[in-house]
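The values are calculated or read from the model by the stated rules, or taken from the named source; none is laboratory data. As the structure is a computational prediction, the values presented were derived from the model and not from experiment. Because the Cβ atoms are built from the backbone with ideal geometry, glycine has one as well, and the counts that use them run over all protein chains shown. Remember, those area values only see protein heavy atoms, side chains included, never the ligands or the DNA or RNA. Shrake-Rupley method; radii C 1.70, N 1.55, O 1.52, S 1.80 Å.
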4 protein chains.
Amino acid sequence: MKPKVGFMGLGIMGTGMAANVLKAGYPLVVYNRSPERAAPLARQGAEVAASPRALAQAADVIIAMVTGPEALHSLLWGPRGAAGALNPSKVFINMSSVSPAYTRELAQELAPTGVAFIDAPVSGTKKPAEEGTLVILAGGQADRVQAQEPLLLTMGKKVIYCGEAGQGSMMKMFINLLLGLMMAGFAEALNFGQLGGLDWQAMLDTVFSGPLNCGLYQMKAPLIQAKDYPPAFPLKHMTKDAKFILDTAYELGAPVPGGHLLLHLYRTGWAQGWGDQDISAIARVLEHLS
Amino acid sequence: MKPKVGFMGLGIMGTGMAANVLKAGYPLVVYNRSPERAAPLARQGAEVAASPRALAQAADVIIAMVTGPEALHSLLWGPRGAAGALNPSKVFINMSSVSPAYTRELAQELAPTGVAFIDAPVSGTKKPAEEGTLVILAGGQADRVQAQEPLLLTMGKKVIYCGEAGQGSMMKMFINLLLGLMMAGFAEALNFGQLGGLDWQAMLDTVFSGPLNCGLYQMKAPLIQAKDYPPAFPLKHMTKDAKFILDTAYELGAPVPGGHLLLHLYRTGWAQGWGDQDISAIARVLEHLS
Amino acid sequence: MKPKVGFMGLGIMGTGMAANVLKAGYPLVVYNRSPERAAPLARQGAEVAASPRALAQAADVIIAMVTGPEALHSLLWGPRGAAGALNPSKVFINMSSVSPAYTRELAQELAPTGVAFIDAPVSGTKKPAEEGTLVILAGGQADRVQAQEPLLLTMGKKVIYCGEAGQGSMMKMFINLLLGLMMAGFAEALNFGQLGGLDWQAMLDTVFSGPLNCGLYQMKAPLIQAKDYPPAFPLKHMTKDAKFILDTAYELGAPVPGGHLLLHLYRTGWAQGWGDQDISAIARVLEHLS
Amino acid sequence: MKPKVGFMGLGIMGTGMAANVLKAGYPLVVYNRSPERAAPLARQGAEVAASPRALAQAADVIIAMVTGPEALHSLLWGPRGAAGALNPSKVFINMSSVSPAYTRELAQELAPTGVAFIDAPVSGTKKPAEEGTLVILAGGQADRVQAQEPLLLTMGKKVIYCGEAGQGSMMKMFINLLLGLMMAGFAEALNFGQLGGLDWQAMLDTVFSGPLNCGLYQMKAPLIQAKDYPPAFPLKHMTKDAKFILDTAYELGAPVPGGHLLLHLYRTGWAQGWGDQDISAIARVLEHLS
């Protein structure tokens, strides 16, 4: 029999992920700070919990998918927080994007409850979340992670085991550093080409005909061309991740000259008011300097 | 009947390109500053010219594929240079990587000879050069470029028309800016991940399972892992291109913060003595800072 | 009658500062984690407290001058910490370099004790600390700051009032951002000049004859020339400050492209093992890339 | 008896410099592309030459102070250019800011005329030019430079001998790299401080009370505060110098991460339309990103 799943955080990502858990036949209870976002899932058969505590009491496996440490902390230790209902018979999976250092602290703070803790952030944005094709970057005790693979694979096409708790988050930092750099590089090259009089379609042909061709550029080119950036991955979330990346690199003593440029550009974009647009709106920062 | 082709410059790229012209049945005459590099092509049936002038006299279409403006200038206007033999019945195609500004100057300097001038740098490195799967970025009068497509397609899988003479070089700057940024970003992310304790294979799995997956990373990952960098595209050539990119961006007033970082990192790698290794040796620069 | 002063933290800076308080006739009690550093002051007439708590009980005005938030936290809330002895009749002055955000948190955490809280980091390094010529950047309630001016002026030549608690730290971030950028710029220019064949003395003559001449460059040039960097301000402390600066800029949405470069260069220097040398050892980072 | 001096280039700098030569009693002939700029000097007793050639024929020592290589080239080898009248009995002093590589080329191009060539760019802007307090950075044969010291000291307070021809320009690159970095750093720190709520006067007090105090900041602070930037040193000229610096660093293999940032920021400022304002208008670039 399938365990009962509690899903906290029904934003751009969480809504699709929770729906896929439900579709796969898991009993589901959901919680969101703004309760109206739970309605569609309720119509599909999910229970709606009145508080994180109630959710954690009702569920065997509790998943959190929120925007960062503050939101996560509030779900766990805020008023009627989930932490009070965690115990050794339950599993807590954090899928939110946070830093490895924070994840390790979280693991220590949760240790007294005895809950099994897995950190499992995801690679992929809105569409893969809806289609259940995320890549799930899992950290934690190997057997514990393995036991949750069937559940995780309702949300993703692949689970990559990354090491102990914290290493899932580290992998997320790794892949998002690369994502951010590729995105910013694409925007910079396109802006440079346009100022140099190149035709848009000829530029894309050149990129898509060779070894630089990739899904990211296929997805983002139309947004940049249309100068319209509906958020698959909001620029402000990428900015927060860029800050976690720099914090992590600082601790590690890892040189991240590109990461510094990344945070500078994305933070500028957010300061200009473009935080709720897609990460591809980084193109606007370059245009703003032209 | 096929026109006779003269090919000057038999380096990493030129050797494979000239061989493909020959294989396609074009009569071929070659010239290289170090004549021993012409021997393999001679064995396959190519004539070897004693000088650029002799080559240009013998050929209908003259192609140059050398390391930059100095080498090109010397072939054209050096002792027994090709320029003296160019005339309105001939076509000159520069496939070397140079700046758009230099290409426009070159077009003006060649104008008095009446030769048809095409600038046609390529996207792709050693392997596509050998396999005839380069992407050819062609600038010049549209009908002139079209007339040469059959010849160009012996070396490449695709010809992308980029506009008037100079715009082929501009497209090359565009694609190499993106290439350089993607390469440096990959090296930085991998170094960051390793310092953070991630497993190499798990990192590649994560990259290759999602929208960042691309031919470039498939090709370069094994070199970085093995810390062995046989040159498909030498780091010093990328560095020269990065300088042309910055020169071009300066003229255009195009913001290229990533381009600046690129030149800084690659020039450092060259100064450290790694210029003759592959561009993926940029990983060494990051390691050197760790 | 002069209030009794408690001074915690007898490092490079604190030793000189505490000595000046004593010389000015204030009764002094000191505490340092490694007690041997208190011996010279004891010989000059200072009491030595056995714990931060004991110090805070004995003193009217408690000063902390340590390396960062962790050390400060431990003095205040660690075993036998000072916080337990603070009350509305006492004044607590933090002179350590921390971020404005941390200072505001600290003010809130201390509020329940009723102690008067002043944040008063300093501009200046070892020599001005010894000579009592620091510039003191004071934040807090204006009348409270004014009341402490006589004491503060035993350590410094000037007190600059910066606003409410936290703004002293903000001013410290401001001046250290400028300091770090000037230092790194000097090192970069000198390295560039040397590689370009310029004579060391001619370079200094040029700098010292014009509007770029300043005390900083007068002090640091001999260290860089001698390639010997005894710490007046250790590189690792500057690095920590650079991190606080970026953290602060991130919150403010302030663009700090130079600040990013600063952290990258100094963190690299620390990772290379030069953290305990003077900030002017940033010259080594540039040389390491040449 | 004093030699007759020919002065070409009567811009912001040249006007003051030529006036000081005249005031010191040297017979003076001037030339400027826009002849109306010569009128004030004519009223003070200078001859006005109809062409660079006429000036060079009339003068013993020919000085050029123009905006860069193109202008210089045109004066020397353009229609009725000065080069045709140079000979071994004359001295040619280039005081314009150009790259060391260009200066070495220039020396070679002038060699056939037999003229004594000195490269002598200056450190200092409008006011020192008017007051005759520039610092003159002289390259060339040591005895030739020494022979011109009396003349050079009419324009400057000091002559610093930098080595053979080209090294004056190299020293200019060195000092302008430092100038640009100090200027950009000051603008960044002030913008950061303001966004952090610091009072303008308190910030300046902090800078001016310690080892970062310098003439540059004394001069530029009022402009940044007033947001009004009358050009003492136009931003576009600093931008050109920054490009020469990067070109020179590229040849030398010198790491100039700050130099890269410099060119990025200043070129952006120029692209935004602020090229004719003072270099301190770099503050606008930072504000534009806030």
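Assign unit charges at the C-beta atoms only (+1 for Lys and Arg, -1 for Asp and Glu), then state the dipole size of region B:228-290 relative to its Cα centre in Debye, rounded to the nearest 20.
The dipole of region B:228-290 has a size of about 120 debye.
Roughly how big is region D:21-173's charge dipole about its Cα centre, with Cβ charges of +1 (Lys, Arg) and -1 (Asp, Glu), in debye to the nearest 20?
It works out to roughly 340 debye.
Determine how many Å³ per residue the convex hull of the Cα atoms of region C:42-92 encloses.
Residue-normalised Cα hull volume stands at 83 Å³.
How much net charge surrounds C:Leu28 when only other residues with a Cβ under 11 Å from its Cβ are counted (Lys, Arg +1; Asp, Glu -1)?
For residues surrounding C:Leu28, the net value is +2.
What is the set of long-range amide H partners of D:Lys158 at a cut-off below 5 Å, with H atoms built 1.01 Å from backbone N?
D:Ile136
To the nearest µm²/s, what D does Stokes-Einstein give for region B:102-144 at 20 °C and 1.002 mPa s, using the Kirkwood radius over alpha carbon pairs as Rh?
It diffuses with D of about 180 µm²/s by this estimate.
Starting at the first residue of region C:60-70, write each ³J(HN,Hα) from the Karplus equation 6.51 cos²θ - 1.76 cosθ + 1.60 with θ = phi - 60°, in whole Hz, x for Gly and Pro.
Karplus-based 3J(HN,Hα) across region C:60-70 equals 8, 10, 10, 10, 10, 9, 10, 8, x, x, 5 Hz.
Helix D:100-110 against the longest principal axis of chain D: what's the angle in degrees, Cα atoms only, rounded to the nearest 10?
10 degrees
With a sphere of radius 15 Å drawn around the Cβ of A:Gln108, what net charge do the other residues whose Cβ falls strictly inside it have (Lys, Arg +1; Asp, Glu -1)?
-3
Which one of B:Ala226, B:Ala249, B:Val207 is farthest out on the positive end of the charge dipole of region B:175-290, using unit charges on Cβ (Lys, Arg +1; Asp, Glu -1) and the Cα centre as origin?
B:Ala249
What Cys residues in the protein assembly as shown are without a partner cysteine, judged by a Cβ distance under 4.7 Å?
A:Cys162, B:Cys162, C:Cys162, D:Cys162
Carbon and sulfur: what percent of the protein assembly as shown's accessible surface (1.4 Å probe)?
51 percent
Take the Cα coordinates of region A:139-211, assign each an equal point scatterer, and use the Debye formula without solvent to give log10 I(q)/I(0) at q = 0.11, 0.13 Å⁻¹.
Rounded to two decimals, the profile gives -0.51, -0.61.
Tally the DSSP beta bridges in chain B and give the antiparallel ones as a percent, rounded to 5.
15 percent
Checking the a/c ratio against 1.5 first, then a/b against b/c, what shape does the Cα gyration tensor give for region B:176-215?
Oblate.
As an exercise, use a Förster radius of 45 Å and the Cβ-Cβ distance of D:Gln218 and C:His73 to find the FRET efficiency, rounded to the nearest 0.05.
About 0.65, to the nearest 0.05.
Scale the Cα Rg of region D:141-181 by the rule-of-thumb value 2.2 N^0.38 Å and send over the ratio, two decimals.
Output field value: 1.28.
For the interface of chains C and A, what total accessible area is buried with a 1.4 Å probe, rounded to the nearest 100 Å²?
That pair of chains buries around 1400 Å² in total.
Shape of region D:1-109 from its Cα gyration tensor (a ≥ b ≥ c, root eigenvalues): rounded if a/c is under 1.5, otherwise prolate when a/b > b/c, or oblate?
prolate
Given bins 5 angstrom wide, list per bin the percent of all Cα-Cα distances in region A:180-246, short to long.
Taking all Cα pairs of region A:180-246, the binned fractions are 3, 14, 25, 26, 16, 10, 5, 1 percent.
Across the residues of D:236-246, average count of Cβ atoms on other protein chains within 10 Å?
So the per-residue partner count for this stretch is 2.
Excluding same-chain residues fewer than 8 positions from A:Lys172, which aspartates and glutamates have a Cα within less than 12 Å of its Cα?
A:Asp119, A:Asp241
Which three numbers, in whole Å and largest first, are the semi-axes of the equivalent ellipsoid of region D:195-290 derived from its Cα gyration tensor as √(5λ)?
Sorted largest first and rounded, they come to 25, 17, 13 Å.
Indicate, rounded to the nearest 5 percent, the antiparallel portion of the DSSP beta bridges found entirely in region A:87-201.
25 percent
Return the equivalent ellipsoid semi-axes of chain A as a descending list in whole Å, where each equals the square root of 5 times an eigenvalue of the C-alpha gyration tensor.
Rounded to whole Å, the semi-axes are 35, 20, 17.
Could you compute the FRET efficiency for B:Leu153 and D:Ser51, with r as their C-beta to C-beta distance and R0 at 51 Å, rounded to 0.05?
The pair B:Leu153/D:Ser51 has a calculated efficiency of 0.35.
Quick one: helix A:215-226 against the long Cα principal axis of chain A, what's the angle to the nearest 10°, folded into 0 to 90?
60 degrees
Tell me what the protein assembly as shown gives for mean residue ellipticity at 222 nm when only DSSP H runs of n ≥ 4 count, each as -39,500 (n - 2.57), the sum divided by the residue total, rounded to 500 deg cm²/dmol.
-16000 deg cm²/dmol
Shape call for region D:1-63 from the C-alpha gyration tensor, a ≥ b ≥ c root eigenvalues: rounded (a/c under 1.5), prolate (a/b greater than b/c) or oblate?
Verdict is oblate for region D:1-63.
List the trypsin sites (Lys or Arg not before Pro) within region C:192-290 that fall in a DSSP loop (any state other than H, G, I, E or B) and whose Cβ has at most 12 other Cβ atoms within 10 Å.
C:Lys227
Give me the one-decimal nm value for the distance between modelled label points at D:Ala111 and C:Lys227, 7 Å along each residue's Cα-to-Cβ direction.
3.4 nm
Please compare each pair in B:Lys236/C:Lys227; B:Lys4/B:Lys157; B:Lys243/C:Lys227; A:Lys127/B:Lys227; B:Lys243/D:Lys240 to a cut-off of 25 Å on the Cα-Cα distance and tell me which ones are over it.
Over 25 Å apart, Cα to Cα: B:Lys236/C:Lys227; B:Lys243/C:Lys227; A:Lys127/B:Lys227.
Where does the charge balance sit around A:Ala59 when Lys and Arg score +1, Asp and Glu -1, over other residues with C-beta under 13 Å from its C-beta?
Charge balance near A:Ala59 sits at +2.
Modelling each spin label as a point 7 Å along the Cα-to-Cβ direction, I'd like the B:Arg43/B:Trp200 distance in nm, to one decimal.
3.5 nm
Once all Cα-Cα distances of the protein assembly as shown are split into 10 Å bins that start at 0, what whole-number percent is in each one?
For the protein assembly as shown, the pair-distance distribution reads 2, 9, 16, 19, 19, 16, 10, 6, 3, 1, 0.
So with the 1.4 Å probe, I'd like the accessible area per residue for chain C, rounded to whole Å².
Result: 34 Å² per residue.
Could you tell me the largest-minus-smallest coordinate of the C-alpha atoms of region D:80-218 on each of the three principal axes, in descending order and whole angstroms?
Taking max minus min along each principal axis of the Cα atoms, region D:80-218 gives 63, 29, 27 Å.
For the residue pair D:Glu164 and C:Ala142, what label-to-label distance in nm results when each label sits 7 Å from Cα along the Cα-to-beta-carbon direction?
6.5 nm
Under a straight-distance cross-link criterion of Cα-Cα below 12 Å, which aspartates and glutamates are reachable from D:Lys126, leaving out those fewer than 8 residues away in the same chain?
Excluding near neighbours in sequence, the set is D:Asp278.
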